[in-house]
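Have a look at the structure below before the remarks.
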Amino acid sequence: MAEGSGTAPAALQITSEQIIHEALSQRDATLRATTQNTEYADLEELQQHQYKQRRSFEQALTRNRLKTSQWHQYANFELQNRDFARARSIFERCLVVMPHHIPTWTKYIKAELQHGNVNHARNLLDRVVTLLPREAKPWYLYVSTEEALGNVFGTRQVFRKWLEWDPPKDAWMRYIEFEIRYNEYEKARLGFQACAVAMPLDLDVWFRWTNFEKLHGTKALAREVYALAIETVAAIPKKEASLPPLITHWAAYEVASDDFTAASKVLTVSLAKFSVSEDDRTQLLQALAEYEKRFGSVESVEAVTLQKRMLQYAAELAASPEDYDLWWIYLDATETQGPEETQRAFAKAVAASPQSETKEAWRKYIAVWLRYLMFVELTLDDKEKTRLLFQELLGLIPHTKFSFTKVWLAYAKFEIRCLNVAAARKVLGQAIGRTRGLKPSVFKRYIALEIQMREFDRVRKIYESWLSAAPALLEAWLAWLEFEMELDEGARVAALFETAFEYVAVTDRDALMDRYAGFLLEEGQYEQAEAAFEAIVKDSPTLNGWLRYVEVLRSVAEQDAELRDSYVAKARAVYERAISASKASNESRFYVLKALVEFEEVYGDAMTKSAAENRLPAVVKRKVADTDGNYNEYLDYVFPDDEAIQEQPTKKPKWGAFLTNAKKWAATQKE
């Protein structure tokens, strides 16, 4: 029997030699019992006994025709009496009642064989396998009988008839073992092929076939069987069998043949060629790691170590799929495995969308998506898939909670790289709508695109849309004003300034006024600029406002020689007003005086410069006690032009009331 072949159950292991031997033994025992039995005086008494027994059997069968043991006892009684005709009749009657009862068929066939009725037994075997072709036991009995009788050709014919009925694996293995016993290796090989076609997912069939080729074939044939097995199992959808056992079995065979390179190649090629589950991939990588550690080079060991690390990452990510920092590391590792592996990793990463509503989780998730999009566009060079992925990502983002403008901007930039300006405009328009006009970056990118396209009217419409959504946004007003200034649209700029003052917040008007004054200076409208800063220091007399006012006056003095003296005088007057306005803050007052000194160094003479320097304060250290009684030092300023603090005269205490009350108290004491 070939290695790894299956065996039938013990109840089915019956050979024709045993059947014939039992038949001869039973016949001799029956003859001896008949000749030695002296219980009956004559033949008439024996016949009377047989009549009574038959009548008893018939009465029992009349009461219960379905009791098979009664039929079998009746048939055995007739066989002991060597009345084969009656025994056959009883068996036939039983089969009429229960035609599918295999034990009855088996006892009937064995009885014929035991008494040497081989042809009648064959007829019975033909009948039962025709009636019950799906039952295995009659077929086993049939082929065993024919082989015991030395009918090799007949046995093969019976096997072939049996195999047409899609029998269990054991029938195939018995047929293959039969052919091997008679050295018909090619027929056995054909039997393995037919069995593999019938049961392609039964790995035991493939293993037995490879073992057969190892014993009776060649190494090349064994490899062909391994390759055929792997290709067959991998091609069948909804597999109930996995590839790793086949692949590792092949690798073990190559190692046993001292071909370590072939073993490593089997595992490596299988990993690259076949799409397997994560568990199967883990098994194959572990097997490859073991082979490389034992037989591989340093480079191969490092490569396998990286793959094992990737398996570890994959296991951790399966437990916590929303760990996007780990996904990033995993993606770095897959880049060394080729684009296909990287693409599979990206697909898994983006499939793990955040279940939480925290912006931090979504921010990291979006970063993984953007990396995926760049990979598809640049590495795979698939523009259409990139566009579809952008649309998929925008469909995933909960826009009612988060607005990731960088996704919209990345999408628009992608369309620009594709030279599809209309699509980029559409994307940016959708971004403005989805973000409700609250994201300046979207407007800025849209405006920059239109400026590059020299579509200035579109730019103005975008600014109008921006300010319609956020009319008090100083940033938008200033950006629009800068745009119009660059186009030298003076009248439009002036109108925009007037409109802006109506909408911006009070806290932002100083900055807007400052820019307005600068614009007026550039336009040579000095009086209007001076009036603007007068309004600034009137509404908000801050240190920066005063100093910027002086800078405006100095700019006029620098630009127009005829107005130099008058505007220098105006600047000094503004400094004095600033000093007066900042007396409440010594520090602000100090910075104004310091600025005045610098101003006099440029525009004044020795007298005005000296006078300004003499007004600078002296810096002194003072101490102040806190609530715990500790003293803290701080710097203070003492200004020379401050009025001297006059000490108040000491007031005498008023004793009159006290003395009056004291006298009254003394009088009460005497009484």
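Only the coordinates and a few stated rules stand behind these numbers; no lab work does. Remember, predicted model here, so these are calculated numbers, not experimental data. When we count neighbours, we look across all protein chains shown, and the Cβ atoms used for this are built from the backbone with ideal geometry, even at glycine.
Summary of values
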| read-out | value |
| --- | --- |
| For peptides 319-326, 470-477, 424-431, sequence by mean Cβ density within 10 Å, most packed first | 424-431, 470-477, 319-326 |
| Packing-based order for 479-491, 351-363, using average beta carbon neighbours within 10 Å, highest first | 479-491, 351-363 |
| Spacing of the two label points (7 Å from each Cα toward its C-beta) at Ala535 and Gln73, in nm | 12.7 nm |
| For Val143, Val129, order by how many other beta-carbon atoms lie within 10 Å, fewest first | Val129, Val143 |
| Gyration tensor (alpha-carbon) shape descriptor, segment 541-639, a/c threshold 1.5 | prolate |
| Length added when fully stretched, Lys161-Glu551, from 0.36 nm per residue minus Cα-Cα | 129.2 nm |
| Furthest towards positive pole of dipole, Val376, Pro339, Thr104, structure part the chain, Cβ charges | Thr104 |
| Peptides 254-267, 560-573 ordered by average Cβ neighbours within 10 Å, highest first | 254-267, 560-573 |
| Ascending count of other beta-carbon atoms within 10 Å, so fewest first, for Met513, Met98 | Met98, Met513 |
| Gained length - Asn586 relative to Ala361, 0.36 nm times residue gap less alpha-carbon distance | 76.0 nm |
| Leu393, Leu66, Leu221, Leu124 arranged by Cβ crowding within 10 Å, fewest neighbours leading | Leu66, Leu221, Leu393, Leu124 |
| Using alpha-carbon coordinates, inclination of helix 68-80 to the longest axis of the chain, degrees | 30 degrees |
| Rough spin-label spacing in nm, given labels placed 7 Å along Cα→Cβ, for Ala606 and Glu186 | 13.0 nm |
| Size of charge dipole - the chain - debye, nearest 20, with Cβ of Lys, Arg +1 and Asp, Glu -1, no other charges | 3120 debye |
| Average Cα contact separation per residue, the chain, under 8 Å, 6 or more apart, as relative contact order % | 5 percent |
| Correct option for mean projected area of the Cα convex hull in nm² [calculated from the coordinates] among (1) 79.1; (2) 33.7; (3) 27.3 | (1) |
| Gain upon complete extension [Asp258, Asp560; 0.36 nm per residue less C-alpha separation] | 98.9 nm |
| Entries in Lys364/Lys413; Lys219/Lys273; Lys187/Lys219; Lys401/Lys426; Lys169/Lys214; Lys461/Lys538 that, when Cα-Cα distance is taken, lie over 25 Å | Lys461/Lys538 |
